[in-house]
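The values are calculated or read from the model by the stated rules, or taken from the named source; none is laboratory data. Quick caveat: nothing in here was measured; it's all calculated off a predicted structure. Here the Cβ positions follow ideal geometry from the backbone for every residue, glycine too, while neighbour counts run over all protein chains shown.
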Amino acid sequence: MSRPHPSRSLRALFFLLCSLLLASSVTIEAMAADSEHIKKEIPQAHALGSGTFRWFGIAVYDAQLWVGKDGYTPEASGKLGQQPLALDLTYARSLVGSKIAEASIEEIQKLKLGTADQRKIWLEQMRKLFPDVKEGNHITGIFIPAEAARFYLNGKLLGEIKDADFANAFFSIWLDKKTTAPDLRQKLLAGSNG
């Protein structure tokens, strides 16, 4: 039985290594492109933490929290603080936009944030803004302190809701100490003081 020539084995190994390096550079470039809109919104943005939200064991989305150079420190009152932040949700399954809006309002109501009238307005605003998503799509929410919440789909601007109370209530779904997903909150805040 003849052995492969050593130079062929080396060429095959070299080809394999080049292929792996090319694949990893494409992945790194894609990841950088996915966060461009975040870095435009938040100077010196970096990922603080990440985790997966599961519903009865089924993965619904992966979440990643981004903060600026000042990090994240909530106010003593429980409000989010004065630092901008971004929450990027990459969906593991298809979901209807209106259902995302309704689930968000349910979570805000569980936290007892906003009045009934405010929540009704917020629900309608989110229904108009949130699109249906497919597996792999990501919606990024940008918290603009004391001003608004801005939303992107796959890095493209969807719009914003200019209401400081809404912005605080929406991001509190994940960051409030009374969230219904405390394990996810802990993972999102892994690198913070919050």
Discussion item. Just checking, does the stretch 123-132 include any residue being more than 24 Å from His37 (Cα to Cα), in contact with a helix residue (DSSP H, G or I) (Cβ under 6 Å, 6 or more places away or on another chain) and either surrounded by 19 or more Cβ atoms within 10 Å (Cβ to Cβ) or not basic (Lys, Arg) (or both)?
Written reply: yes
Discussion item. So, restricting to strands (runs of 3 or more DSSP E) that lie completely within the stretch 117-178, which ones have at least 3 residues that are of a type outside the set (A, V, I, L, M, F, W, C)?
Written reply: 138-144, 156-161
Item to complete: Return yes when Ser7 is modelled with pLDDT of 90 or more, of a type in the set (S, T, N, Q), farther than 15 Å from Gly191 by Cβ and loosely packed, with under 12 Cβ neighbours inside 10 Å and no when it is not.
Response: no
Fill in: Single residue of Asp176, Asp165 found to be at pLDDT below 95, in contact with a Gly (Cβ under 7 Å, 6 or more places away or on another chain), among the acidic types (Asp, Glu) and under 17 Å from Pro84 (Cα atoms)
Asp176
Worksheet item: Restricting the first residue to the stretch 146-173 and requiring it to be in contact (Cβ under 8 Å) with a residue 40 or more places away in the chain, which pairs with a second residue that is hydroxyl-bearing (Ser, Thr, Tyr) and buried (at least 17 other Cβ atoms within 10 Å of the Cβ) meet a Cβ separation below 6 Å and a spacing of at least six or different chains?
Response: Tyr152/Thr140
Discussion item. Tell me the residue from Glu102, Glu107 that is modelled with pLDDT of 95 or more, under 20 Å from Ile58 (Cβ atoms) and surrounded by fewer than 17 Cβ atoms within 10 Å (Cβ to Cβ), please.
Written reply: Glu102
Worksheet entry | Per-region count, the stretch 147-174, residues more than 15 Å from Leu111 (Cβ to Cβ) and not acidic (Asp, Glu) | 15
Worksheet item: Tell me, which residue of the stretch 52-84 that is without any contact (Cβ under 8 Å) to a residue 40 or more places away in the chain and farther than 23 Å from Val133 by Cα is surrounded by the most Cβ atoms within 10 Å (Cβ to Cβ)?
Response: Gly68
Response to the item:
Taking first residues from the stretch 127-144 that are under 17 Å from Ile173 (Cβ atoms) and second residues anywhere that are surrounded by 21 or more Cβ atoms within 10 Å (Cβ to Cβ) and among the charged types (D, E, K, R), the pairs with Cβ under 6 Å that are 6 or more apart or on different chains are His138/Asp88; Thr140/Asp88; Ile142/Arg150
Worksheet item: Within the set of pairs 6 or more residues apart or between chains, which connect a residue that is without any contact (Cβ under 8 Å) to a residue 12 or more places away in the chain and farther than 11 Å from Asp70 by Cβ inside the stretch 35-51 to a residue that is of a type outside the set (Phe, Trp, Tyr) and assigned to a loop (DSSP other than H, G, I, E, B) with Cβ atoms less than 7 Å apart?
Response: Lys39/Ala45
